[in-house]
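These notes concern the structure reproduced below.
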Ligand code: G3H
Ligand code: 13P
Ligand code: ZN
Ligand code: NA
């Protein structure tokens, strides 16, 4: 069966590595990710956003993940990414997910606590685990001075209070990462001192890093070489993510790098094979590109090969 992330995070915390949480939207993406994890003997979290549910329908994604589970024999957790209210979390818990994120990070502190508590109560009664978020990821490029950082980045004391009062199983924090392909204008800066303080105040507790794609230049360049227009894209360097994995971060979210790998492959295929029109001709190499990207992540960013 699908597993929760409890055991995965315990081992990741002790082993000082991270489990990859990869966003899935269709069959080829799921197959590419799962094949990579299978070959690497790695623990795996497949996550589904509200947008993914809208695109593919909840039932299709659940059935595809169940097929991947049966086919691979891997321990896989199925997680809701950025659930915005109790209702979507409930719907995913009732609909077969083993983990949900309630993202109340845009709410005032007390409201974030209240909605997270409500989700935790519902989830725990059913053996499901919950991730919450404290601090704001978006717009962090602007947070150059200390005051701005304090307003948006996760406050360590609030994090402790939040975890204690909600009973949440893991917490996503803001230390300078952001979603998408344009994370930094200049050089990447993450607030490791803040991460260290948070981890020290919450010993043994799994921290989650969102917006953790590396935006590998090779893939951006390939997109652009074959007609793409992706300019100024920049992600989080791999050594920083490895370092985070040793500092209490147990889950690292990756979506953008999968999108870039898939798009680069399809663009290249069309440029080199303009006569092709059978979707299998370009989706097969695209699926292979996803697989190679995930293997690279497991080895060089997550350090979670042979951890099951
Ligand atoms: O954090 C967002 C993930 O990358 C999912 O993106 O909402 O476009 O599916 P999405
Ligand atoms: P990236 O956009 O860096 O891949 O982050 C994905 C994410 O955090 C999904 O929740
Ligand atoms: Zn995210
Ligand atoms: Na870790």
Can you give the extra length, in nm with one decimal, that the chain gains between residue 196 and residue 229 once fully stretched, where that is 0.36 nm per residue apart less the Cα-Cα distance? 8.1 nm
How far is the Cα center of segment 265-292 from the Cα center of segment 193-263, in Å? 25 Å
Hydrodynamic radius (Kirkwood) for the chain, which is based on Cα pairs only, to one decimal in Å: 19.5 Å
Over segment 1-136, relative contact order from alpha-carbon pairs under 8 Å, at least 6 apart, %: 23 percent
Helix 192-201 versus the longest principal axis of the chain: what angle, 0 to 90°, nearest 10, using Cα atoms? 50 degrees
Using 0.36 nm per residue of separation minus the Cα-Cα distance, give me the extension gain between residue 150 and residue 91 in nm, one decimal. 17.8 nm
Determine, for each peptide in 188-201, 210-223, the mean count of other beta carbons within 10 angstrom over its residues, then list the peptides with the highest first. 210-223, 188-201
Inter-probe distance in nm under a simple model that places probes 7 Å from Cα toward Cβ, at residue 308 and residue 284: 2.6 nm
With r defined as the distance between the Cβ atoms of residue 276 and residue 118 and R0 fixed at 51 Å, what FRET efficiency is calculated, to the nearest 0.05? 0.50
Mind checking the angle between helix 58-72 and the chain's longest principal axis? C-alpha axes, 0 to 90 degrees, to the nearest 10. 80 degrees
For the pair residue 161 and residue 60, what calculated FRET efficiency results from E = 1/(1 + (r/R0)^6), where r is the Cβ-Cβ distance and R0 = 51 Å, to the nearest 0.05? 0.80
In degrees rounded to 10, the 0-90 angle between helix 156-166 Cα long axis and the longest Cα principal axis of the chain is 90 degrees
Potential lengthening between residue 239 and residue 84 on full extension [0.36 nm per residue; Cα-Cα distance subtracted]: 52.7 nm
Counting other beta carbons within 10 Å of each Cβ, put 184, 9 in order, fewest first. 184, 9
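Determine by what factor the alpha-carbon radius of gyration of segment 158-308 differs from 2.2 N^0.38 Å, reporting the quotient. Mind showing how you got there, number by number?
Working: Rg = 18.1 Å, N = 151, 2.2 N^0.38 = 14.8 Å.
Against the compact-globule rule of thumb, the ratio is 1.22.
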Give the dimensionless ratio obtained when the Cα radius of gyration of segment 128-210 is divided by 2.2 N^0.38 Å. 1.08
At q = 0.21, 0.28 Å⁻¹, what base-10 log of I(q)/I(0) does the Debye formula yield for segment 241-305 when every alpha carbon is treated as an equal point scatterer in vacuo? -0.81, -1.14
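Ranked by Cβ crowding within 10 angstrom, fewest neighbours first, how are 6, 170, 178, 99 ordered?
The fewest-first ordering by Cβ neighbours comes to 6, 178, 170, 99.
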For the chain, averaging the sequence separation of alpha carbon pairs under 8 Å that lie six or more residues apart and dividing by its residue count, the contact order in percent is 23 percent
Order of 55, 282 from fewest to most other C-beta atoms within 10 Å? 55, 282
Stokes-Einstein D for segment 1-113, Kirkwood Rh over Cα pairs, 10 °C, 1.306 mPa s (µm²/s): 109 µm²/s
Could you tell me the calculated FRET efficiency between residue 6 and residue 189, based on Cβ-Cβ distance and R0 = 35 angstrom, to the nearest 0.05? 0.60
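Each reported figure results from applying straightforward, stated rules to the coordinates on display, with no laboratory input. Fair warning: this is a prediction, and the values are worked out from it, not measured in the lab. Reconstructed Cβ throughout: ideal geometry from the backbone, glycine too, with neighbour counts over all protein chains shown.
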